[in-house]
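Take a look at the structure below.
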Amino acid sequence: MSSVPMENTTSPRKSKKALPVGHYRGLASWTVVFFVFLYLPIVVLIFYSFNANRMVMNWGGFGIDWYIKAFQNDDIQSAVWNSLVVATVATVVATAIATVGALVLARGGNFRGKTISLGLITLPLMVPEIVTAVAVLIFFAAIGLNWGLGNVIIAHTTFCIPFAFMPIRARLEGMDTSLEQAARDLYASEWETFRYVTVPLLMPGILAGAMLSFVISMDDFIITLMVGGAGSTTLPVYIYSMIRRGLTPEINAVSTLLLLVSIAIVTAYWIMSRKTET
Amino acid sequence: MTAAIDIRGVTKIYNPGSNQPVKALDDVSLTINDNEFFTLLGPSGCGKTTLLRLIAGFEQVSGGEIMLFDDEIENLEPNRRPVNTVFQHYALFPHMTVAQNVAFGLERLKKPRPEIKATVERVLSLVKMKHLADRRPNQLSGGQQQRVALARALAPSPKVLLLDEPLSALDLKLRQAMREELKQLQKETGITFVFVTHDQEEALAMSDRIAVMSEGEVQQIGGPTDIYEHPLNRFVADFIGDTNFLDGEIVDLNEDLVTCRIGEQSMFEAENSGGHRVGDRVTLFLRPEKIRLSTPDDAVSTESRPGTVANIVYLGNQAAYTVDMGDGVELTAQARPREDGKLPFAVGDSLAVGFSARALRVLAQ
């Protein structure tokens, strides 16, 4: 019996009959409640984005007017553009830094301060976001940095690094070092070993880290609100300002589009990781 | 005979600076000849794998020299050493096909494309894997992965092939078949093989010469028969095969034989290997298969002694008998089951135990 839960964690795909769900009374109904709680608000949000009425919660027939309106709104367009620029640059830089950091910590042997370095990299995950936001804001003010969107990009890069770092390091730790030795043994220089063996094998981890960074950055509100000045409004910040001016189904439409982008990224990652597996 | 690898006083200490330095190899010297199937044999932790990794370049020597055909290699990077390794768990690149795996070394050596293609085909047919060239490693069985690992290591025509317990992950039948193939492959290619194993049967079956290692030192180097029949010390005798050990004292000797007292008054004669004196404490050893068991009436040899069956372990094609010889002496011997499948003797039977003095050897303490 004791091997059943273990099998369940190591190979989730193979153990179909490991835990007989039907044996736990009431589990099925709780599961339904759980999923309703989780997804009903999102379903409602998407549903009312197709509302033809001006009032969000008053159904006035089906229409895609609010989508058209959202696409024609210059402010939304510039907010989406800002969000994409920030998320893309922050993701690329954060993933690159996280990859190098993970390589040093996983392959660099034992050096002084290794444990502390590891702690310092992952610590931002535990620091409350509002603390980071205030700290970054004060820091930028103190050094007089005023690059507009650049400030937002730097702030996003900073908090994306630990998110990118975790999956990359996990992948590296699970990688058999004898593969890299085999490459060296077969006349590959250190660079060639990195290029032809380490990087391809690390790719699923790098992709996961990049995807996580991108989604976290696209979604960030508190830090962006604090750091971003006029002209560097991102989509979440813009949506918040729209709500303050009054609810219209345009917000629903924009939120639905944001959700679509997230789903697209996750799907793309899933397809890519399936390809590298076989 | 040319030396392929010459290990000169090599020492390896792990964590030298720390408070727990581990001496993995202690002043090891040995010579591996060109075109030889050489085996490093010993229990885990004896330093055999460390020595192989030092030759491959995955570890740095703490002292001593490693010569490869007159070139000093111990300070070269692994990719500058013309040797290739077959890893214990194969270490095939999972993101490449079989053919790409085999071509990897040749590509790094910047060989021309047509030559790479031809070599890959040649070594893959050498290991009978040509038909699976486009598969990924995870689509292959353990035995097939093993063959690909061999092909990949052989493709760049290394001066020496290093094999790190390559058969240990295979099941028994496959392991036995691969023994033959490895031996055959070594003859066909003419490449020097350095084979690491803890399996004495594997070592005896394949090797031209064997180095038996223990605790970072070489205990004995010799051909399979040398090692089995003339072990230099108790460790070698014990590690290779089953053995009876008899501890005693030399009471008499002449040019051919020494006479030892074992227990209170049992006298055993053994071959005089030279350098012994009366009064020396020695260990005699006697292989179980050199002992003939018979019923007292059938005893043909005058050299036989009486004994009683104390225990039997049935092994299928034979049975191991523990025979009580009296005076606190016990010997392990072997007997085959009869044609009807029954064992020839039962526990408590009286026996005539026959062995010649030439089968007993004196070991250094």
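The values are calculated or read from the model by the stated rules, or taken from the named source; none is laboratory data. Everything numeric here is computed off the predicted structure, so don't read it as measured data. Virtual Cβ from ideal backbone geometry, glycine too; neighbours counted across all protein chains shown.
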Out of region B:34-48, which residues are among the polar types (S, T, N, Q) and at pLDDT 95 or above?
B:THR39
In region B:306-328, the residues that are more than 27 Å from the chain's Cα centre (by Cα), surrounded by fewer than 19 Cβ atoms within 10 Å (Cβ to Cβ) and in contact (Cβ under 8 Å) with a residue 24 or more places away in the chain:
B:PRO306, B:THR308, B:ALA310, B:ASN311, B:ILE312, B:GLY326, B:ASP327, B:GLY328
For residues in region B:269-302 being more than 17 Å from B:LEU246 (Cβ to Cβ) and hydrophobic (A, V, I, L, M, F, W, C), which is modelled with the lowest pLDDT?
B:ALA299
Matching helices (runs of 4 or more DSSP H) fully within region A:63-163 where at least 1 residues are basic (Lys, Arg)
A:65-72, A:74-107, A:114-122
Of the residues in region B:3-38, those that are touching a strand residue (DSSP E or B) at 6+ places or on another chain (Cβ under 7 Å), assigned to a loop (DSSP other than H, G, I, E, B) and in contact (Cβ under 8 Å) with a residue 12 or more places away in the chain come to B:ASP34, B:ASN35, B:GLU36
Considering only region A:161-187, state which residues are among the aliphatic types (A, V, I, L, M), more than 18 Å from A:ILE206 (Cβ to Cβ) and touching a Gly at 6+ places or on another chain (Cβ under 8 Å).
A:LEU186
Within region B:46-57, restricting to residues that are within 20 Å of A:SER189 (Cβ to Cβ) and not in a loop (DSSP other than H, G, I, E, B), the one that is farthest from the other protein chains (Cβ to nearest Cβ) is B:ILE55
Look through B:LEU140, B:LEU167, B:LEU154 and report the one residue that is assigned by TED's automatic domain parsing to the domain that holds B:PRO43 and in contact (Cβ under 8 Å) with a residue 60 or more places away in the chain.
B:LEU154
Within region B:69-80, tally of residues that are surrounded by 16 or more Cβ atoms within 10 Å (Cβ to Cβ) and either modelled with pLDDT of 95 or more or facing chain A (nearest Cβ under 8 Å) (or both)
2
For region A:194-223, which residues satisfy the criterion of being within 8 Å of chain B (Cβ to nearest Cβ) and surrounded by 17 or more Cβ atoms within 10 Å (Cβ to Cβ)?
A:TYR196, A:VAL197, A:LEU201
Checking the condition within 14 Å of chain A (Cβ to nearest Cβ) and farther than 22 Å from A:TYR187 by Cα, which residue from B:GLN60, B:GLN20 passes?
B:GLN20
For the subset of region B:1-22 comprising residues that are among the polar types (S, T, N, Q) and closer than 25 Å to B:THR39 by Cβ, which member is modelled with the lowest pLDDT?
B:THR2
Inspect all residues belonging to region A:164-187 and state whether any of them is under 20 Å from the mean Cα position of the chain (by Cα), on the phi < 0 side of the Ramachandran plot, surrounded by fewer than 16 Cβ atoms within 10 Å (Cβ to Cβ) and modelled with pLDDT under 95.
yes
Please determine whether any residue of region B:303-324 is out of contact with any Ser or Thr (no Cβ under 7 Å at 6 or more places or on another chain), farther than 20 Å from B:GLU229 by Cα, at pLDDT below 90 and of a type in the set (Ser, Thr, Tyr).
yes
Which condition does B:LEU92 not pass, out of (1) surrounded by fewer than 21 Cβ atoms within 10 Å (Cβ to Cβ); (2) part of a loop (DSSP other than H, G, I, E, B); (3) within 11 Å of another protein chain (Cβ to nearest Cβ), if it passes all the others?
(1)
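Of all the residues that make up region B:105-132, how many are facing chain A (nearest Cβ under 8 Å) and either assigned to a helix (DSSP H, G or I) or more than 12 Å from A:TYR187 (Cα to Cα) (or both)?
2
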List, please: which pairs have Cβ atoms under 6 Å, are six or more places apart or on different chains, and start with a residue in region B:177-193 that is closer than 25 Å to B:LEU68 by Cβ and end with one that is part of a helix (DSSP H, G or I) and not polar (S, T, N, Q)?
B:LYS183/B:MET206
Among the numbered conditions (1) without any contact (Cβ under 8 Å) to a residue 60 or more places away in the chain; (2) under 15 Å from A:PHE214 (Cβ atoms), tell me where A:VAL93 comes up short.
(1)
Given the structure, is B:PHE355 buried (at least 16 other Cβ atoms within 10 Å of the Cβ), in contact with a strand residue (DSSP E or B) (Cβ under 7 Å, 6 or more places away or on another chain), hydrophobic (A, V, I, L, M, F, W, C) and closer than 21 Å to B:GLU229 by Cα?
yes
Hey, B:LEU172 hits all of (1) within 14 Å of chain A (Cβ to nearest Cβ); (2) surrounded by fewer than 19 Cβ atoms within 10 Å (Cβ to Cβ); (3) among the hydrophobic types (A, V, I, L, M, F, W, C) but one; which does it fall short on?
(1)
I'd like to check something: does region A:170-191 contain any residue that is more than 14 Å from chain B (Cβ to nearest Cβ), touching a residue at least 40 places away in the same chain (Cβ under 8 Å) and either of a type in the set (Ser, Thr, Tyr) or in a helix (DSSP H, G or I) (or both)?
yes
So which of B:ARG135, B:ARG147 is in the same structural domain as B:VAL98 (by TED's automatic domain parsing) and either modelled with pLDDT of 95 or more or assigned to a loop (DSSP other than H, G, I, E, B) (or both)?
B:ARG135
Being crowded, with 21+ Cβ neighbours inside 10 Å and assigned by TED's automatic domain parsing to the domain that holds B:ALA203 is the requirement here; does B:VAL22 meet it?
no
Would you check if there is a residue in region A:150-163 being in contact (Cβ under 8 Å) with a residue 24 or more places away in the chain and within 14 Å of chain B (Cβ to nearest Cβ)?
no
Take the conditions crowded, with 22+ Cβ neighbours inside 10 Å and away from chain A (no Cβ under 12 Å) and apply them to B:VAL102. Does it pass?
no
